[in-house]
Amino acid sequence: MQFEPREQFEQRQKKLEQIQALGMRAYPHEFRWSDTIADLATKFAETPSADLEANQREVRVAGRIVSLRLMGKAGFAHLQGSGKRIQIYVKKDVVGERGFELFKLLDLGDSIGVRGHLFRTKTNELTVRVEEIFFLAKALLPLPEKWHGLTDVELRYRQRYLDLIANEKSREVFVTRPRIIQELRRFLDARGYIEVETPMMHPLPGGAAARPFVTHHNTLDIDLYLRIAPELYLKRLTVGGFDRVYEINRNFRNEGISTQHNPEFTMLEFYEAYSNYRDLMDMNEQLFAELAKKITGSTVVRYGDVDLDFGKFERLSMREAIVKYWPPEAGAAPTVGELSASGGPRAITERYNAWAKSAGAPYAASKGTLSDGEWTGLLFETMAEDKLVQPTILYEFPTDISPLSKQKPDDPSVTERFEIYVAGMEIANGFSELNDPIEQERRFRAQVAQGGEEAPKQVDLDYIRALCHGMPPTAGEGIGIDRLTMLFTDSPSIRDVILFPQLRPEAPSNPEQGTKP
RNA sequence: AGGGGCGUAGCUCAGUGGUAGAGCAGCGGCCUUUUAAGCCGAAGGUCGUGGGUUCGAUCCCCACCGCCCCUACCA
């Protein structure tokens with residue numbers, strides 16, 4: 001075992017031996033503390049010096065040394081724990097010869113416990129006057145730079161433990177993330193939802209269109225797919241009488257990696273029987289407003305250089321969004337009627353493309369022949385999606401690109417489906433669930449027939465069988481937790497909200513590194 | 001996959017066609033209320049890797065590796 005910086009590593013190993021020579025264990029098994037650093041920092045934040053002197057309080061507290069100032073026969077240090085800090089003051093007269101020898105052998109990064117009394121220094125900082133030091137663990141490697149912290153993004157992702165020690169902001173993100181999940185659970189639990197766990201390994205990938213990861217079960221001798229969505233299993237549960245059900249867990253998609261995509265990402269999916277997509281839209285407005293308020297303190301949330309107002313959502317049908325964001329330079333905007341007409345979406349896209357190519361704007365490139373609905377979806381993504389910065393509910397998605405959603409009764413070319421867009425990102429996707437087994441089978445077979453890398457290769461017949469047992473009218477939705485966390489923590493990349501984002505494995509700098517000792 | 005950018009001490013960063021510097025961390029010394037402690041001293045580098053151009057390359061060129069951003073892919 002040997003890591004850079006070698007010299008400091010060896011230096012610190014020697015110090016650990018010297019600490020043992022003082023009669024202390026290298027890796028002691030316990031330390032009984034009376035208060036956490038956070039406890040002390042909050043409980044005595046306002047307590048005046050005179051009070052501390054008059055009512056001597058003995059405290060026992062532990063933490064990691066993050067600053068160290070040794071001055072001959074006394075010294076100061078800061079201990080950090082749970083993101084909070086407290087100063088300690090160590091005086092040779094008080095801790096004794098052996099205690100002070102130990103103090104001199106400590107390094108930045110070491111864990112110690114102290115016993116002592118609280119006081120305030122000349123500058124009025126709350127400080128523990130240490131009477132006894134307990135060595136707890138040695139840091140054999142140095143901490144990142146104390147003032148600038150750790151800024152190298154690669155190191156921050158690869159060695160997140162250092163990022164969490166050194167960068168307060170990063171720590172806050174990963175404290176906020178579970179709070180968001182907690183609030184989501186609270187919101188759903190309060191509405192009678194039941195949380196479940198469905199399989200992560202599927203015999204057939206389904207519930208979304210994406211390339212799956214494949215693995216193999218030896219005993220059964222079958223290939224299994226890491227799930228790309230829990231959707232079909234959760235809907236089986238609504239058939240089984242779980243009228244309100246949700247799952248928060250990982251999905252895996254074998255696709256590109258970007259600031260908005262990680263191969264594994266966390267999704268909330270929930271299903272509510274006897275509701276439709278309109279009910280979910282209303283519920284979402286309430287959910288997002290409440291969430292923003294609880295997490296950030298306001299319904300208006302700063303993200304990058306914009307203020308996102310979760311207090312009011314714009315609602316647009318997909319066709320309306322195309323009309324609204326049609327660039328005036330491309331000629332007269334199409335009407336919703338034209339977009340609904342047979343052959344209309346293709347003609348309009350071609351009109352848009354003619355302008356986009358001449359203007360150097362992104363144009364809608366299609367591979368192969370597309371249906372009206374596919375043209376509509378493609379055109380929307382090309383020219384409108386990134387314009388949806390303020391929270392927007394986009395609804396009525398073409399049936400051709402929504403194989404699991406129920407059609408609109410008065411216009412079967414579109415479905416009762418919506419997505420929520422914020423900051424140009426897709427955050428949520430919900431719809432009235434298609435519960436007609438014959439129509440569902442027809443759509444599944446159409447997908448399989450169409451082929452393509454992301455299309456299912458096989459129809460999930462058990463799911464059709466479940467629908468044949470009768471699924472009540474149900475509305476369901478998925479919310480991307482990672483992207484939601486990005487919004488509420490002002491994080492520009494999904495890697496900033498995932499503790500250990502997927503990176504290419506680190507090449508070992510020497511053959512020994514990276515192997516267990 | 002394509003385009004752009006970056007890679008210098010453990011960390012944060014300067015820098016130059018003539019083999020490299022600062023701050024922090026580390027080491028030795030002084031220092032009993034400091035707090036980005038201070039002062040004195042010494043040390044630390046295959047300038048991502050491999051080729052090429054050149055009398056000479058960390059710098060210019062090419063390839064590769066890694067990371068970041070944009071585009072593509074991702075209903």
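The values are calculated or read from the model by the stated rules, or taken from the named source; none is laboratory data. None of the values given here were measured: they were computed from a predicted structure. Neighbour counts run over all protein chains shown; Cβ positions are idealised from the backbone, glycine included.
Look at residue A:382 and say whether it is in contact with a strand residue (DSSP E or B) (Cβ under 9 Å, 6 or more places away or on another chain), polar (S, T, N, Q) and either in contact (Cβ under 8 Å) with a residue 12 or more places away in the chain or farther than 17 Å from residue A:320 by Cβ (or both). When the stated conditions are applied, residue A:382 does not pass them.
Among the residues of region A:448-470, the ones that are within 13 Å of residue A:236 (Cα to Cα) and either in a strand (DSSP E or B) or under 32 Å from the mean Cα position of the chain (by Cα) (or both) come to 2 in all. Scanning region A:201-220 for residues that are of a type in the set (A, V, I, L, M, F, W, C) and either touching a strand residue (DSSP E or B) at 6+ places or on another chain (Cβ under 6 Å) or loosely packed, with under 14 Cβ neighbours inside 10 Å (or both) returns A:201, A:213, A:214, A:220.
Mind checking whether some residue in region A:139-150 is more than 8 Å from RNA strand B (Cβ to nearest atom) and in contact with a Leu (Cβ under 9 Å, 6 or more places away or on another chain)? Yes, region A:139-150 contains a residue that is more than 8 Å from RNA strand B (Cβ to nearest atom) and in contact with a Leu (Cβ under 9 Å, 6 or more places away or on another chain).
Note on region A:194-225: residues that are touching a residue at least 24 places away in the same chain (Cβ under 8 Å) and either in contact with a helix residue (DSSP H, G or I) (Cβ under 6 Å, 6 or more places away or on another chain) or not in a strand (DSSP E or B) (or both) amount to 15. Condition test on residue A:343, is it on the phi > 0 side of the Ramachandran plot, touching a residue at least 12 places away in the same chain (Cβ under 8 Å) and touching a helix residue (DSSP H, G or I) at 6+ places or on another chain (Cβ under 9 Å)? Judged against the criteria, residue A:343 is a match. Considering region A:275-317, the residues that are aliphatic (A, V, I, L, M), buried (at least 18 other Cβ atoms within 10 Å of the Cβ) and touching an Asp or Glu at 6+ places or on another chain (Cβ under 6 Å) include one that is nearest to residue A:407 (Cα to Cα), namely A:280. Residues that are modelled with pLDDT under 90 and exposed (fewer than 14 other Cβ atoms within 10 Å of the Cβ) number at least 1 in the following helices (runs of 4 or more DSSP H) confined to region A:327-424: A:344-359.
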